[in-house]
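Q: Structure incoming, see below.
The values are calculated or read from the model by the stated rules, or taken from the named source; none is laboratory data. Being a predicted model, the structure only gives us computed values, none of them experimental. Cβ placement follows ideal geometry from the backbone for every residue including glycine, while neighbour counts extend to all protein chains displayed.
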Amino acid sequence: MNLDYTKYSISELLDVEQNIDKKTYPERYQLLCEEIAYRKSNGEYQQFLKQCATDENESSNDKEFILSFSSGNKMWARKAFIVFFVVVNLGVFLNFISRHTVTSFDDLEVYTTTINQVECLVETVEDTETDIEYFYYDLKVGVFSALNIDGNKCQKLAKTLALGNEVTLWQSEGVIFQLMTDETMHLSYAYLKQQVIKLKTENDFSIFLGLALFWFFLYKSLANAIKPGTFKTKK
């Protein structure tokens, strides 16, 4: 049976090309290839590819989440969404500022005490995705702690600071920001300030990634809340 491939659509031709047995039907395959080559030469194949891309984009848009707002009586809904959007972004911004800010030196409480306990504590955290282990060292002096300091420095100070000696420390809520014995500066405010900030901001990337996704999924809805009809969902 002779097949008339000239009556096939380009999508049907491509489907046959994927499924035809070339060895069993070599003549049919030759005719098929010639017809596909002809469709490419007259531009039909290229037009088919463009249409496929358009259909795929439209299908993606159909699934896109976009809130629509009317410019009529439900003005409160538009205002509520805009306020919600602003509050979320403001909350992230204020959280960012607070995590990059520590107590100023002048506001720290100066405390002089006799050392009755000193130890270097280590916490191991494993990244489940990479299986890499991270080590965090805290120097504990009595009820106070110097957070996230260098491991060698932590272990050295745990041996250097002798029990019974006096130590002067600058602290806030139990966190040491500077530590001295006599005239010796063991941990400076400049150093500990940066270590505390590093500890507080290690999740910055995840937070800003979440904010970026928030904008990606809702910026069209925000535009609709500001000016109804800016973006429309396809029906």
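Q: One residue is enough: does segment 121-129 have a residue meeting the conditions in contact with an Asp or Glu (Cβ under 7 Å, 6 or more places away or on another chain), in the same structural domain as ILE176 (by TED's automatic domain parsing) and modelled with pLDDT of 90 or more?
A: Yes: segment 121-129 contains one or more residues that are in contact with an Asp or Glu (Cβ under 7 Å, 6 or more places away or on another chain), in the same structural domain as ILE176 (by TED's automatic domain parsing) and modelled with pLDDT of 90 or more.
Q: Looking only at segment 130-149, filter to residues that are acidic (Asp, Glu) and exposed (fewer than 12 other Cβ atoms within 10 Å of the Cβ); which one of those is modelled with the highest pLDDT?
A: Here the residue is GLU133.
Q: Here is a further query. Going through segment 197-235 one residue at a time, which ones are over 26 Å from the mean Cα position of the chain (by Cα) and farther than 14 Å from PHE69 by Cβ?
A: Scanning segment 197-235 gives LYS234, LYS235.
Q: ASN116 versus (1) touching a Leu at 6+ places or on another chain (Cβ under 7 Å); (2) at pLDDT 95 or above: which is the lone unmet condition?
A: (2)
Q: Looking at segment 1-41, which of the residues that are polar (S, T, N, Q) and part of a helix (DSSP H, G or I) is nearest to GLN51 (Cα to Cα)?
A: Among residues in segment 1-41 that are polar (S, T, N, Q) and part of a helix (DSSP H, G or I), the one nearest to GLN51 (Cα to Cα) is SER11.
Q: Could you tell me whether any residue of segment 65-75 is at pLDDT 95 or above, in contact with a helix residue (DSSP H, G or I) (Cβ under 7 Å, 6 or more places away or on another chain) and among the hydroxyl-bearing types (Ser, Thr, Tyr)?
A: For segment 65-75, residues at pLDDT 95 or above, in contact with a helix residue (DSSP H, G or I) (Cβ under 7 Å, 6 or more places away or on another chain) and among the hydroxyl-bearing types (Ser, Thr, Tyr): absent.
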